[in-house]
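Note sheet for the following structure.
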Amino acid sequence: MKKNVIDAVTEVGDQLRRNNCIPFVGSGVSAEYEDKEAGKKYSGIPTAKQLLKELRNRHGASWIISEISFPQALSIFRAERGDGPYFEFLTDYIKRPKIIPLPAHHLIAQLPFKGIITTNWDILLEDVLDEEKYHRIVKDEDVTLLSADKIPLIKLHGSITDRNSIIATVEDMIDFFPKHPLLTNLIRVLCASRSLLFLGYSLEDIDLMQLFQGLKREIGVLIYRSYAVQKGPSEFTIRYWDKQGIDIIDGDATEFLRLLHTEYLLGKSIPSPENRNWIIKDPFLSTIFVKIRGLPTESQVIDGILDNILSVLNSEDSLENIKKRVLKALDAVIEHRPNYEALKKLHGDIEKWFSSGKTKAEMKRKVDNFIKIRNTGVIKIGNHGSKIILEIIEKEGKILLYSQSTRVCSVFEQWQKDIKGSRYPELQIYIAECRPKSPKPFQDSFEYAGSIIDVCKPINIKVVPDSSIAHYIMEGEIKAVFLGAHMIIEKVDGNIIIINTTGSLMITEIATHHGIPIYIFAEESKIVTSVKKIEVQYEPEENLISEDDGRLKGLKKRLNLGEDEDILVNPGYDKIDTSNITAPIFLITEKRKLKFENGKLSEIEDYYTKRQK
């Protein structure tokens, strides 16, 4: 069946979120690519057709005709010329130093696939994958070294770095699976209950048909329907692959990966065409923007930007061009996230770094140093938060978390280190739904729960709807509330205003009524003494509803409203003024702990300085 790109992105994105998708990467991903949106052309590995032409014109293989396949041509060439010229030919056209990874390679590396299969000999994908996370497999012996914490990268046809592993001729491909039992078993495990996503293949290629039939023989009938991206597929291609259980996506593989990247990170429908320009015009900006729109916290946004700056400093671009691109990205991010005060401060720091830095190496040192200082601050916040958790446990602690916070996660991570594996079954964590943050029910809370489990297990977690928070507080189930903050404004009277996700004010008011303490964990960089205007930042309709079955349009019609007029409204942020709160609110940063109660700053403790003394 032929699928349109938008529907396919949604389906594949859903499979990806459930760890049910494995990419099958072909030579088209490494081929020359022109990014029209970014106005840039990338060199690539020659295609099979181009290599056949090279064999005919430059190597005197006049017997090559249009009907011959690439493996057939290589079989004859190797038989006639010998191993030396054969491997020299492959190496000459594939292992070229000027060929760098293409946008598609970067996008594949950024998506959380739990395994990758490729028939490519080149190492462009390896160049961008995190070698600490992936384990390359080219032969059976490599399978035995695969550990549980590594993601397999299966080079089904070998690698150009190990000529003895290369599968290229007809003879190489005959009985490949029976001769590689361990590799075959691993592929069987990876593919048995997952969708395959074919990228960079000509689906009318007889070699691919034979390969796929071989896979099906070895792993059995694929449970999930799979997908293949190809531009302008023929009717034969659509009909043939439909019978094989593969839906054809009519489109460009790189563009599809970009949209999939957006879909996965956002967890919502991809932006409409008029809103996508700011995402896809520049590969670097695309990476940052998509992350920013998808990441739930400002801390994660800043970490992502710093990582991207280090990455782009490794590119061949000049330092001046990198400066322009980075600052342009930051300007656009701040425009879409106006309350990100820490990010605005970082913008100023980065401008200074570029102004004083003369080389890329010097810039890297400045960024690395900033990251080290930042990480030290995270540890300090975590240390104090860990002690708070232990105090809460002594009071039969049950803690409510609301709206994802990286700093709250770091608190639990440090607590886990401090208790060194001890179990506290009495500690119960409630995580509220935080519904306005996304159109999908419980999405934020499930992601938050996953983040806590990643750093802190075993732990008791219950996810609850926002509407039940009051119930659990009134029943005495919750003894403390942990929140992060988007921004904190220091007032002249010593109190503060906390800017955080909508719903935080409601929780604070309920907790106050029942005398439950509230703990805010945030970096000093989020604190400002004055701000011109606090942006309310109302969420657009598409961020509040996952699917529109026509009722929204029908309601607008009955109200005589245009389609561009919103009736679904929700502010993105709440303002919590501590001068109006009676219950204790604690602000914990890397430098101090402040306590606000009954409208007064009742305690100031510079506990880190005291500890050092």
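Just one of the listed residues (K372, K398) is open to solvent by 60 Å² or more (accessible area, probe 1.4 Å) and more than 21 Å from the chain's Cα centre (by Cα), namely K372. Quick check on my filter: what residues within segment 469-496 are open to solvent by less than 10 Å² (accessible area, probe 1.4 Å) and touching a Pro at 6+ places or on another chain (Cβ under 9 Å)? Selection gives A480, V481. Residues that are of a type in the set (F, W, Y) number at least 2 in the following strands (runs of 3 or more DSSP E) confined to segment 437-537: 518-521.
Against the numbered list (1) more than 29 Å from V9 (Cβ to Cβ); (2) among the basic types (K, R); (3) not in a helix (DSSP H, G or I), R56 comes up short only at (3). When you scan segment 411-428, do you find a residue that is more than 24 Å from the chain's Cα centre (by Cα) and aromatic (F, W, Y), even just one? Yes, segment 411-428 contains a residue that is more than 24 Å from the chain's Cα centre (by Cα) and aromatic (F, W, Y). For beta carbons closer than 6 Å, sequence separation of 6+ or different chains, a first residue in segment 447-472 that is over 15 Å from K437 (Cβ atoms) and a second that is open to solvent by 60 Å² or more (accessible area, probe 1.4 Å), the qualifying pairs are V455/E413.
Taking D83, is it touching a strand residue (DSSP E or B) at 6+ places or on another chain (Cβ under 8 Å) and charged (D, E, K, R)? For D83, the condition - touching a strand residue (DSSP E or B) at 6+ places or on another chain (Cβ under 8 Å) and charged (D, E, K, R) - is not met.
If you go through segment 543-568 and keep only what is open to solvent by less than 100 Å² (accessible area, probe 1.4 Å), modelled with pLDDT under 80 and in a loop (DSSP other than H, G, I, E, B), you end up with L544, I545, S546, D548, G550. Here the condition is being surrounded by 13 or more Cβ atoms within 10 Å (Cβ to Cβ), at negative phi, touching a Gly at 6+ places or on another chain (Cβ under 8 Å) and in contact (Cβ under 8 Å) with a residue 12 or more places away in the chain; of G28, G44, it holds for G28 alone. Here the condition is being at pLDDT 90 or above, aliphatic (A, V, I, L, M) and within 16 Å of V408 (Cβ to Cβ); of I478, I453, I459, I469, it holds for I478 alone. Of the residues in segment 225-241, how many are part of a helix (DSSP H, G or I) and either touching a Ser or Thr at 6+ places or on another chain (Cβ under 8 Å) or more than 14 Å from A8 (Cβ to Cβ) (or both)? Residues in segment 225-241 being part of a helix (DSSP H, G or I) and either touching a Ser or Thr at 6+ places or on another chain (Cβ under 8 Å) or more than 14 Å from A8 (Cβ to Cβ) (or both): 5 in total. Return the only residue of S386, S410 being touching an Asp or Glu at 6+ places or on another chain (Cβ under 6 Å) and among the hydroxyl-bearing types (S, T, Y). On inspection, the qualifying residue turns out to be S386. When restricted to residues that are touching a strand residue (DSSP E or B) at 6+ places or on another chain (Cβ under 8 Å) and either free of Cβ contacts under 8 Å to residues at least 12 places away in the same chain or of a type in the set (K, R) (or both), segment 143-163 contains 3. Looking at E413, is it open to solvent by 30 Å² or more (accessible area, probe 1.4 Å) and either at pLDDT 90 or above or under 19 Å from I520 (Cβ atoms) (or both)? Answer is yes for this residue.
Considering segment 272-370, the qualifying helices (runs of 4 or more DSSP H), each wholly inside and each with 1 or more residues that are touching a strand residue (DSSP E or B) at 6+ places or on another chain (Cβ under 7 Å), closer than 30 Å to I489 by Cα and at pLDDT 75 or above, run over 341-356. Looking at D444, D466, just one residue is out of contact with any Leu (no Cβ under 7 Å at 6 or more places or on another chain), among the acidic types (D, E) and open to solvent by less than 20 Å² (accessible area, probe 1.4 Å), and that residue is D444.
The values are calculated or read from the model by the stated rules, or taken from the named source; none is laboratory data. Treat the numbers as computed from the prediction; the structure is a model and nothing was measured. Cβ sites come from the backbone with ideal geometry, for glycine too, and all protein chains shown count toward neighbours. Ligands, DNA and RNA are excluded from the accessible area calculation, which covers all protein heavy atoms including side chains. Shrake-Rupley method; radii C 1.70, N 1.55, O 1.52, S 1.80 Å.
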